[in-house]
Each structure stands twice: as C-alpha cells, then as structure tokens.
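Peer 1: After the structure tokens below, expect a handful of questions from me.
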Amino acid sequence: MYDVVIIGAGPSGLAAALYLLRFDKSVLLLEKGAFGGQITYSPLIENYPGIAAASGNEIAEKLVDQVLSLGAEAEVGRAVGLKPKGRGWEVLTEEGAVYEGGAVILALGAKHRTLGLAGEEAYIGNGLSFCAVCDGAFYKGKDVVVIGGGNSAKQEALFLSGLCRRVTMVQNLSVLTGEPRLTAKVLATPNISVLYDSAVTAYTGDTQLRGVTVRNTLTGESQTLATDGVFVAIGLEPDCKDFASFLTLDEAGYVASGEDCTTKTPGLFVAGDCRAKAVRQITTAVADGAVAALAAASYLDAQNG
Ligand SMILES: Cc1cc2nc3c(=O)[nH]c(=O)nc-3n(C[C@H](O)[C@H](O)[C@H](O)COP(=O)(O)OP(=O)(O)OC[C@H]3O[C@@H](n4cnc5c(N)ncnc54)[C@H](O)[C@@H]3O)c2cc1C
C-alpha cells in the first residue's frame, strides 16, 4: 500500500510526487503512455521559468529523474477505475493490476482533439499524426499539412519547417491565435504558408493518407491538397469519465475543484490540465501538483492521527 497513488506522470503528477516524497510519503506514479506527459510532444519550450529554451523531452527527463532519485515508484498501466477500500483506495488498471493508496491524485492531463472525419482512426500512423517531435522525421524533404492555428499548431509547423519541404497550415479563423512572438516566427518562415478561414472537411487516400479536402468557410469553395503527412493540432480535451462517479465534471468534462485541488470526494485530489481552470501550461500544472500533494499529505496526516 502506498501513501499516495498518482494517476498520470505529466508535469503535474511529477511535481506532486516531488512534494510528497519530500514529506516522506510513499508514492506510486501510474502512467499509461509517456512519462513526462504532453510536454514530450513539444519540440521547444521557451516559457518555463529558469529554462530559456529546452525540448519537452529534456524537461520531462529531468522531472522524471528527480522523482525517481527521491524514491518514487513507477508503473506502466492505464487506470480505469477506483474503488474505496478501508480508509483508502484501490486503483484498477486495464491490464488487471490493482494498486492501493491512502489517497489518490488524478493528474490525467488531456488528450488530443480529433476532427472526427471519416477514416481518421485508420490514418493515424499512416500519414496522420498528432506529434511532430515523434513523427516529423518520417516527412523529411516532404510536404505536410498542419491543422490548427494556435500555439501548439505553430510550434508543430515551426519544427516541421526545419525538416520538410513545405508546411501548409490550415486555420479556421482569419488570424493565428496565441503568442504573437510565435506568430511572427511562423509568418517569417519562408516554407510555411497559412490557409486562413479554412476547414479540413475530408481526408483522401487509400491505406495511406494522401491529401485533405479544404473548404474556404467564407467562399464555400473546396480544394484538395496533396500531402505526404497531416499533423492535427486543434487542442485537447479531458478524459476523466472513468472516475466520474467520484467527481463533479464541468460541461466540458474537466474536474471541478477549488484552488486547493480537492474534489468532492475526501482522499481524492486533482491536479493539472484535467482540472477546470483558465490556464493550462507547465507552470500551472506543476503548481497544481504541489498544491494537491500538500493537500493529500495533510489529509493522510489527519487520517493517521
Ligand atoms: C505540442 C504541445 C506543446 C506545448 N507547449 C507548451 C509550452 O511551450 N509551454 C507550456 O507551458 N506548456 C506547453 N504545452 C502544455 C503543457 O504540456 C501542459 O499544460 C502540461 O503538460 C500539463 O501537464 P499535466 O500533468 O496536467 O498533464 P499531461 O502532460 O497531459 O500529463 C498527463 C499524463 O497522464 C497520463 N494519463 C492520463 N490518463 C491516464 C490513466 N487513466 N491512467 C494512467 N495514466 C494516464 C497521460 O498519458 C499523461 O502522460 C504544450 C502542449 C502540447 C501538446
């Protein structure tokens, strides 16, 4: 039995582990994918205080090393349910494992939003990607499309512009959104072009994705762009439904909680991007992790008299 089981090893879960370990609490980090979370998709992070520029993987590695060296235990598995047991919890995984914790911190982050178009699922890994850092090298010297126009889409496009012949961004608004500095970089990059007021309405191809149909939302005209690869960067959505019976979710599916990271269920805490809040960044994720950890530590101390 661990003092705390943390579900999700992104920045919020890792920060929570760090604070708990420093309070002499035993910690299990349970992660279904990449230790480090979403930042492992990010080619370049320039807004984490104290680090002028680093790749997401570099920051993730430092965070993971730090908590492992302090004694965190880590398991790979997808948590699919929680069961109260005594004064604590059982965490059940898809793989059939059961982990026990006196308290649980949900640090589930968010998953990539998809367009929901026909064939999308089948094209993932066959020309369709959500991660330039992971898959960009497959498209060296080729033409790619990036769907989206916010910070993540701009980061993806800039990273790909260093590898690919041509990068076409498809943005449904008449401007690129997010940080003006990133927008300026995109607009100054010769092999990136932007189709504004445009929506991808279909994927074309056979077993391999070969193109996208793009509709101009102002004129209603459609064109098919031939492409070697498509990167979707249209934001994220939470995935907290497996634990919903113990939580209050807002209309978008994020976990409602105060700034103290408590939930409506004693002993169950929430941190990071899966929490209902206005700003979702590494800084706010690690801040949540610290707050949730201290709340969980106080909860356990009160339980144990
Ligand atoms: C391409 C990209 C670029 C970005 N660039 C920046 C940037 O430059 N600066 C910045 O501040 N922020 C950036 N962000 C945002 C930042 O990465 C997130 O705000 C931050 O990672 C949130 O941390 P988190 O721990 O809350 O969630 P996540 O990083 O999403 O981590 C959650 C983890 O939980 C795991 N998980 C989820 N459900 C389960 C389950 N049921 N069982 C087990 N494990 C589970 C997931 O696999 C994941 O690893 C970027 C995001 C992306 C996608």
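The values are calculated or read from the model by the stated rules, or taken from the named source; none is laboratory data. The shown structure was predicted, so the numbers you read here are calculated from the model rather than taken from an experiment. Here the Cβ is made from the backbone with ideal geometry for all residues, glycine too, and neighbour counts use every protein chain on show. Accessible surface areas use protein heavy atoms only, side chains included; no ligands, DNA or RNA. Shrake-Rupley method; radii C 1.70, N 1.55, O 1.52, S 1.80 Å.
Peer 1: Starting from residues that are hydrophobic (A, V, I, L, M, F, W, C) and free of Cβ contacts under 8 Å to residues at least 40 places away in the same chain, keep the ones in the range 165-186 and report whichever is farthest from residue 128 (Cα to Cα).
Peer 2: Selected residue: 184.
Peer 1: Checking the condition part of a loop (DSSP other than H, G, I, E, B) and away from the ligand (no atom under 16 Å from the Cβ), which residue from 102, 109, 116 passes? Give the derivation first.
Peer 2: Working: 102 fails: part of a loop (DSSP other than H, G, I, E, B); 109 fails: away from the ligand (no atom under 16 Å from the Cβ).
Exactly one of 102, 109, 116 is part of a loop (DSSP other than H, G, I, E, B) and away from the ligand (no atom under 16 Å from the Cβ), namely 116.
Peer 1: Residue under question is residue 76, and the condition is that it be in the same structural domain as residue 213 (by TED's automatic domain parsing) and at pLDDT 95 or above; does it hold?
Peer 2: So residue 76 fails the test.
Peer 1: Going by what's in this entry, would residue 9 be described as touching a Ser or Thr at 6+ places or on another chain (Cβ under 8 Å), within 9 Å of the ligand (Cβ to nearest atom), open to solvent by less than 50 Å² (accessible area, probe 1.4 Å) and modelled with pLDDT of 95 or more?
Peer 2: It is false that residue 9 is touching a Ser or Thr at 6+ places or on another chain (Cβ under 8 Å), within 9 Å of the ligand (Cβ to nearest atom), open to solvent by less than 50 Å² (accessible area, probe 1.4 Å) and modelled with pLDDT of 95 or more.
To keep it simple, each residue is scored yes or no on (1) in the same structural domain as residue 279 (by TED's automatic domain parsing); (2) at pLDDT 95 or above; (3) touching a helix residue (DSSP H, G or I) at 6+ places or on another chain (Cβ under 9 Å); (4) surrounded by fewer than 16 Cβ atoms within 10 Å (Cβ to Cβ).
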| position | (1), (2), (3), (4) |
| --- | --- |
| 82 | yes, yes, yes, no |
| 88 | yes, yes, yes, no |
| 97 | yes, yes, no, yes |
| 131 | no, no, yes, no |
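Peer 1: Same structure, new question: For the range 202-303, give me every one of the strands (runs of 3 or more DSSP E) that falls completely inside it and has 1 or more residues that are surrounded by fewer than 18 Cβ atoms within 10 Å (Cβ to Cβ) and of a type in the set (A, V, I, L, M).
Peer 2: Numbers: elements: 209-216, 222-226, 229-232, 268-270.
Ranges flagged: 222-226.
Per-residue answers, yes or no, for (1) in a loop (DSSP other than H, G, I, E, B); (2) at pLDDT 95 or above; (3) of a type in the set (D, E, K, R); (4) not assigned by TED's automatic domain parsing to the domain that holds residue 44:
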| position | (1), (2), (3), (4) |
| --- | --- |
| 134 | no, no, no, yes |
| 137 | no, no, no, yes |
| 153 | no, yes, no, yes |
| 157 | no, yes, no, yes |
| 174 | yes, yes, no, yes |
| 183 | no, yes, no, yes |
| 194 | no, yes, no, yes |
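Peer 1: If you don't mind, there's one more thing I want to ask. Out of everything in the range 23-46 that is of a type in the set (Asp, Glu) and closer than 23 Å to residue 100 by Cα, what residue ends up being nearest to the ligand (Cβ to nearest atom)?
Peer 2: 31
Peer 1: Could I ask something else about it? For residues that are outside any helix (DSSP H, G or I) and free of Cβ contacts under 8 Å to residues at least 60 places away in the same chain, scanning just the range 139-151, find the one that is surrounded by the most Cβ atoms within 10 Å (Cβ to Cβ).
Peer 2: 149
Peer 1: Still on this structure, please answer the following. Just a yes or no: is a residue in the range 243-250 more than 30 Å from residue 107 (Cβ to Cβ) and within 26 Å of the chain's Cα centre (by Cα)?
Peer 2: no
Peer 1: I would also like to ask the following. Check off (1) surrounded by 17 or more Cβ atoms within 10 Å (Cβ to Cβ); (2) farther than 20 Å from residue 215 by Cα; (3) within 21 Å of the chain's Cα centre (by Cα) for residue 164 and give me the number that stays unchecked.
Peer 2: (3)
Peer 1: Right, another one. Pairs, please: C-beta under 6 Å, at least 6 apart or cross-chain, first residue under 23 Å from residue 279 (Cα atoms) and in the range 237-248, second part of a helix (DSSP H, G or I)?
Peer 2: Listed pairs, sorted by first residue: 238/274; 240/274.
Peer 1: From the list 285, 278, 295, which one is among the small types (Gly, Ala, Ser) and in contact (Cβ under 8 Å) with a residue 40 or more places away in the chain?
Peer 2: 285
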